[in-house]
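The values are calculated or read from the model by the stated rules, or taken from the named source; none is laboratory data. Note that the structure is predicted; figures quoted are calculated from it, not measured. Here the Cβ is made from the backbone with ideal geometry for all residues, glycine too, and neighbour counts use every protein chain on show.
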Amino acid sequence: MADTYDLTSLRDRLDRVASLDASALEAEEIAVLGRKQGELNARLKALGSIPIEQRREAGASLNTLKGEFEAAFAARREVLRAASRDAARSAIDPTMPGRAAWVGSRHPVTEVIDEIVEIFRSLGFTVALGPEVENEELNFHALNFPPDHPAMDMHDTLYLDQGRDAPAERLLLRTHTSPVQIRVMRGGPPPYRVVIPGMVYRNDPFDPSHAPAFSQIEGLAVDRGITFVDLKATLTHFARRFLGADTRVRFRPSFFPFTEPSAEMDVGCLLCGGEGCSACKGTGWMEILGCGMVHEQVLKGCDLDPEEWTGWAFGMGPQRIAMLRYGVPDIRLLYSGDMRFLSQFGRLA
């Protein structure tokens, strides 16, 4: 009974709180203030066993002591937290360089596409888009591909329906953005001046210079009196505006089913300055696009009279142009998503 209001042992424990470490502090708080086994709560419950004339004084003393314990435990916890913060700060080496934060930027290929499109916009071209899933008629036949052309074989084209029940006009992932040219010419009367950016797909290996999915930009101009001279002047202007005013340009004869005559446009290799390197195969020139006058069969297939209307078209790969501009030796780097590589290019989004 005397122990109920004899607080000497509890006051001794109160005095020791200020010297406890974190683990001992938690154990002591439970031992003193715990609901089930705490000594203070046990004494408060035992008040009913002492004489009534002593009960009020003993209860007041126990409640006062309980408040002192709660304040002491809170103060000690704050002291320990402050010491922990100080220890953490002292462990910091202010001479170490800071960690760089990852900052997003526009992909170099996106930068190239936007810049090319903007150059042709300034020349009066508008942007035309089309679906990535096409049929054989628009992807091949309307572009004057013969039925036995190797590009229509499985090793080049990714067909989407291969079974016995596949329709006669099979669906495929477009191998170029040229079907959009047909959609434009069949969509209304000339004149047309459009630039066509978009993704294309081919059954190619993924190696330093090829990818199975890549961007392409095509252009189409159809009007009365358009000649090959207009084509050369427009593309030369583009190359020198995009790559630099002193860029060397040449056109070589080539063949495409949908243009006649056809040409490939080369620019002086920016990696070696025209002296010859592995990227340009020692020639000092790098091809950046194919072009030509729209074939009269393509015009007729779009109900355009080739005696009245003429036009030209071109197609280029922004990935290859990005490699040329930035000196990237392997196209796979443009697909890697490696921030250490990509952060060297572009501007903040």
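Observations, loosely collected:
- When Thr227 is tested against the conditions (1) in contact with a Phe, Trp or Tyr (Cβ under 6 Å, 6 or more places away or on another chain); (2) within 27 Å of Lys300 (Cβ to Cβ), the lone failure is (1).
- Set side by side, the residues Gly290, Gly301, Gly274 differ, and just one is assigned by TED's automatic domain parsing to the domain that holds Gly187 and farther than 26 Å from Thr175 by Cβ, which is Gly274.
- Flag for Glu134 being surrounded by 11 or more Cβ atoms within 10 Å (Cβ to Cβ) and either more than 30 Å from Phe345 (Cβ to Cβ) or modelled with pLDDT of 85 or more (or both): yes
- Members of region 254-301 found to be within 30 Å of Val180 (Cβ to Cβ) and without any contact (Cβ under 8 Å) to a residue 12 or more places away in the chain, listed by number: Phe255, Lys300
- Taking first residues from region 34-45 that are under 13 Å from Leu65 (Cβ atoms) and partners that are part of a helix (DSSP H, G or I) and acidic (Asp, Glu), the Cβ contacts under 8 Å between residues at least 6 apart in sequence or on separate chains come to Arg43/Asp3.
- Test: residue in region 84-101 that is in the same structural domain as Arg13 (by TED's automatic domain parsing) and modelled with pLDDT of 80 or more: yes
- Within region 238-277, the residues that satisfy the criterion of being under 14 Å from Phe314 (Cα atoms) and part of a helix (DSSP H, G or I) are Phe238, Ala239.
- Selection status of Ala313, assigned by TED's automatic domain parsing to the domain that holds Ile116, touching a Lys or Arg at 6+ places or on another chain (Cβ under 9 Å) and assigned to a strand (DSSP E or B): no
- Qualifying residue in region 303-310 (condition: in a strand (DSSP E or B), on the phi < 0 side of the Ramachandran plot and more than 32 Å from the chain's Cα centre (by Cα)): yes
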